[in-house]
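Please read the structure below before turning to the comments.
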Ligand code: SAM
């Protein structure tokens, strides 16, 4: 991605770098907390799918205040650069081992809040991506049911789809209040939203499990969106617009009067706050440098040509 791609011109992306947040998602959690006060009086918090760590940074900033003995556990499949005070577990949220480790870190106590900004690797095949995201939410709920205290809070990223109402209805069985939050920093054009579940109160006799899902997200018929307690947009409406991005060529835009001096000066390229520690694409980049892909593609083209000739 070049310095001028859409993402890098994005207002919140740039604000995140200027304010030393590892990802623009930090603003989403802050805006939700500003609206709902979900981090008030929290002493134990779990951040699922935490890397590169901007949500954990927010937890650290808002919970590690003077006199507090708050504990934060951050979990991700990927390694994550350290954040002072945050306990990091490199692990899978679908594993019961991970749930047990969390409780160990809290000396047998359960968490006040579990947050999850998880996302599977996107394939570009919409239905598959939607399915994978739904599976991740199920996994997030399963681990939450192991580690969350009664009356606790669960916040998870979702992508609104035709089955969303069913998810809200299922969550309503376990939490007294269920909201859908759309922070101002989440692009309006994206179907991303956050399901905020307050006051965990599982039904009598409910036994948490990791081996099968406690939620059933297969049949949305007959379920309507009014099962949620509210759809809330969070964040100062006079603040930054998430759809706004810096123009492609800032110098030309300045000359043409499209941006003012202040905007032009703001567009100073800054390095990312925390580059990925061990990204999956590292090996692919090395292979690309060595020309492995062009060789494979040349071989494939040759084979295809030969195949076509044989077919003629
Ligand atoms: N909240 C993070 C932040 O603010 O920096 C960004 C999270 S990123 C969008 C999604 C993360 O989900 C990735 O780091 C990915 O490794 C993680 N993830 C996906 N599936 C997971 C799983 N089964 N267990 C743990 N982490 C997972």
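Tabulated data
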{"item": "Subset of region 73-85 (residues that are away from the ligand (no atom under 12 Å from the Cβ) and more than 17 Å from the chain's Cα centre (by Cα))", "result": "82, 84, 85"}
{"item": "Per-region count, region 133-162, residues surrounded by fewer than 16 Cβ atoms within 10 Å (Cβ to Cβ) and either at negative phi or in a helix (DSSP H, G or I) (or both)", "result": "4"}
{"item": "Out of 54, 95, sole residue that is under 30 Å from residue 209 (Cα atoms), near the ligand (Cβ under 10 Å from one of its atoms), buried (at least 22 other Cβ atoms within 10 Å of the Cβ) and touching a residue at least 12 places away in the same chain (Cβ under 8 Å)", "result": "54"}
{"item": "Residue within region 196-207 that is away from the ligand (no atom under 14 Å from the Cβ), touching a residue at least 40 places away in the same chain (Cβ under 8 Å), over 23 Å from residue 31 (Cβ atoms) and part of a helix (DSSP H, G or I) present", "result": "no"}
{"item": "Boolean, residue 67 is more than 19 Å from residue 149 (Cβ to Cβ), away from the ligand (no atom under 12 Å from the Cβ) and touching a helix residue (DSSP H, G or I) at 6+ places or on another chain (Cβ under 9 Å)", "result": "no"}
{"item": "Index of the failed condition, residue 235 passing every other in (1) at negative phi; (2) at pLDDT 70 or above; (3) surrounded by 12 or more Cβ atoms within 10 Å (Cβ to Cβ)", "result": "(1)"}
{"item": "Region 109-129, subset more than 15 Å from the ligand (Cβ to nearest atom) and crowded, with 17+ Cβ neighbours inside 10 Å, residue farthest from the chain's Cα centre (by Cα)", "result": "110"}
{"item": "Checklist (1) at pLDDT 95 or above; (2) within 13 Å of the ligand (Cβ to nearest atom) applied to residue 133, failing item", "result": "(1)"}
{"item": "Residue count, region 14-51 (criterion: in contact with a helix residue (DSSP H, G or I) (Cβ under 9 Å, 6 or more places away or on another chain), surrounded by fewer than 18 Cβ atoms within 10 Å (Cβ to Cβ) and free of Cβ contacts under 8 Å to residues at least 60 places away in the same chain)", "result": "2"}
{"item": "Matching residues in region 56-88 - criterion: being closer than 14 Å to residue 20 by Cβ and touching a strand residue (DSSP E or B) at 6+ places or on another chain (Cβ under 7 Å)", "result": "56, 60"}
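The values are calculated or read from the model by the stated rules, or taken from the named source; none is laboratory data. Here the structure is a predicted model, which means the values were calculated and not measured. Please note: Cβ atoms are built from the backbone with ideal geometry, for glycine as well, and neighbour counts cover all protein chains shown.
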